[in-house]
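*Asks:* For reference, the structure I am asking about is given below.
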Amino acid sequence: MLDKVPEVFSRYFPGRVPVVIADCNTWKAAGERVFALLSEAGMKPQKFLIPAREFHAEWKYVEMIDKVLDGGGVAVSVGSGTINDLCKLSSAHHKQSYLSVATAASVDGYTSFGASITFKGAKQTFECPAPVACLADADVLCSAPKELTAAGYADLAAKIPAGAEWMIADFIGTEPIISDAWHPLQDCIDDILANAEAVAAGDPEAIGAVFDGLALSGFGMQTARSSRPASASDHLFSHILDMTHHKFNGKYVSHGFQVAIGTLTMCKVFENFFKLDLTRIDVDKCTAAWPSLESEQKRALDIFKDFPVPELGYREITKKYEPAEKVHQELMKLKAQWPDFRKKLMDQLYTFDDMQEKFRIVGAPVKPEDIGCTKDDIIAMFPFVQLMRYRINLFDLAKRAGVYDEIIKI
Ligand SMILES: [Zn+2]
């Protein structure tokens, strides 16, 4: 597949100079070969290696690549999620596309609309188009470090609870499910995730399927023009860890590994939610207890006061706050439709034990300690997770129904 790079590049960028952008690991994995192929094709490529052994998607690297692309070249991103996101945003700054060469089935960001970059301390998704093409060589994917594939598997598995939370937003009516963004991945994800053993054994077909699943997730985000199809509370635990510069054994933890713990946590929280009988909620009592916007804003400011972005919760709750009358209607609907809605959510979700076993097989984290956290750390994140995004999540629904405290007992 790598030998197709020159042909694909010249098809989309005739006469332009390719700039191979990699880090020291991905240079060895594929960058060097891509550079040689482009040279042999007479394209006089340039190269830029990220000057750090360990880094994540931070603004300063976007600035570095911006300077490189100021020279007039077109990025050929060779790497996994981080390098791809940096190239994606920098290319958008130059009002041009780029070519992505994936070196691991590790994230779904290759084909997604938007780049997840830490800017002024806050992890943000910047709107920017996906690459014009993404090439993945099966041999390169299979020879990637096992933990990268495990991370990709977990990032894919996150679409299970993320899908359930999209169903909740759809139920509430804030973000209706978009069929074309939902079905391509959700219709095949169970089959892909069922191959945990083959993925762990390095089977090219199983690892290729994980990559395809991740690519479909990216396409879903393109269709929805948002990360809604791919990310919900499961990802917010990871965003908190990024924003607080969490390290384990002196190293940053990969996106997929952080998301693995977010995913397992949400499976557990959903299980608690399913144990409840919401046909018995007292809607009038819940509505009467519903806080005002002002008190929610104050609560958010209190919770986030020592957070790197103290105004984040305030800003997001202001966007998603709904008045008591609207909450009343939602709860009437929830009470009436609970058995059916609960079943639909249960059909979407995996049990905690099932998800944990899959992660154990592929070598993804199975408990908070595997990424340098404790269960108490995770529990302490719940108030942040509820408030840090404008999107309606399970915690918002539980707050409405007065059952928040019950579901967070993990
Ligand atoms: Zn992700």
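*Asks:* To the nearest 0.05, what FRET efficiency results for Lys333 and Asp190 with a Förster distance of 41 Å applied to their C-beta separation? If you can, show how the numbers build up before the last one.
*Replies:* Values: r = 28 Å, r/R0 = 0.69.
With R0 = 41 Å, the Cβ-Cβ based efficiency is 0.90.
*Asks:* Would you look at the GNM of the chain, springs on alpha carbons closer than 10 Å, and say which of Ser39, Ser100, Ser233 moves the most?
*Replies:* With Cα springs under 10 Å in the chain, the top fluctuation among Ser39, Ser100, Ser233 is at Ser39.
*Asks:* Also, quick follow-up: Gap in Å between the Cα centre of the stretch 170-202 and the Cα centre of the stretch 326-378?
*Replies:* Taking the Cα centre of each part, the stretch 326-378 and the stretch 170-202 sit 15 Å apart.
*Asks:* Can I ask one more? Using amide H atoms built 1.01 Å from N in the peptide plane, name the residues 5+ places from Val19, or on other chains, whose amide H lies under 5 Å from its own.
*Replies:* Gln46, Val74, Ala75, Val76
*Asks:* Percent antiparallel among DSSP beta bridges with both residues in the stretch 1-151, to the nearest 5? Provide the component values of the computation, followed by the final result.
*Replies:* On the way: 5 of 22 bridges.
The antiparallel fraction comes to roughly 25 percent.
*Asks:* Where does each of Glu7, Glu369 land when they are ranked from fewest to most other beta-carbon atoms within 10 angstrom?
*Replies:* Details: Glu7 10, Glu369 13.
By the 10 Å Cβ count, ascending: Glu7, Glu369.
*Asks:* In nm, what is the difference between 0.36 nm times the number of residues separating Arg11 and Trp59 and their Cα-Cα distance?
*Replies:* Values: separation 48, 0.36 × 48 = 17.28 nm, distance 3.05 nm.
Taking Arg11 through Trp59 to full extension adds about 14.2 nm, to one decimal.
*Asks:* Placing +1 at every Lys and Arg Cβ and -1 at every Asp and Glu Cβ, with all other atoms neutral, what dipole size does the chain have around its Cα centre, in debye to the nearest 20?
*Replies:* Details: 45 positive and 55 negative charges, 182 e Å.
Charge dipole, the chain, about its Cα centre: 880 debye, nearest 20.
*Asks:* Compute the label zone of Phe119 within the stretch 367-402: residues whose backbone N is under 19 Å from the point 7 Å along Cα-to-Cβ.
*Replies:* Only 388-391 pass the distance filter.
*Asks:* Would you calculate a helix-derived [θ] at 222 nm for the chain, using -39,500 (n - 2.57) for each DSSP H run of n ≥ 4 and dividing by the full residue count, to the nearest 500? Please report the intermediate quantities before stating the final value.
*Replies:* Values: 21 runs with 229 residues, N = 410.
-17000 deg cm²/dmol, from helical runs alone.
*Asks:* Distances longer than 12 Å among the Cα atoms of the stretch 291-345: what percent of all pairs is that?
*Replies:* On the way: 1030 of 1485 pairs.
Summing the P(r) tail past 12 Å for the stretch 291-345 gives 69 percent.
*Asks:* Mind checking which lysines have their Cα closer than 25 Å to the Cα of Lys305? Skip sequence neighbours fewer than 8 apart in that chain.
*Replies:* Lys120, Lys123, Lys247, Lys319, Lys320, Lys375, Lys399, Lys409
*Asks:* I'd like to know which of Pro184, Gly31, Ala198 lies farthest towards the positive end of the charge dipole of the chain, counting +1 on Cβ of Lys and Arg and -1 on Cβ of Asp and Glu.
*Replies:* About the Cα centre, the residue reaching furthest to the positive side is Gly31.
*Asks:* Per residue, how much space in cubic angstrom lies within the convex hull of the C-alpha atoms of the stretch 147-300?
*Replies:* Numbers: hull volume 23.9 nm³, N = 154.
Residue-normalised Cα hull volume stands at 155 Å³.
*Asks:* Turning to a different aspect of this structure: Tell me the volume per residue, in Å³, of the convex hull enclosing the alpha carbons of the chain.
*Replies:* 126
*Asks:* While we're on this one: Once the principal axes of the Cα atoms of the stretch 2-144 are found, what is the range along each, listed largest first in whole angstroms?
*Replies:* 42, 33, 26
FYI, it's all coordinate maths here, none of it is from the lab. All figures in this text were calculated on a predicted structure; none of them were measured in a lab. Methodologically, a virtual Cβ is constructed for each residue, glycine included, from the backbone with ideal geometry; neighbour enumeration extends over all protein chains shown.
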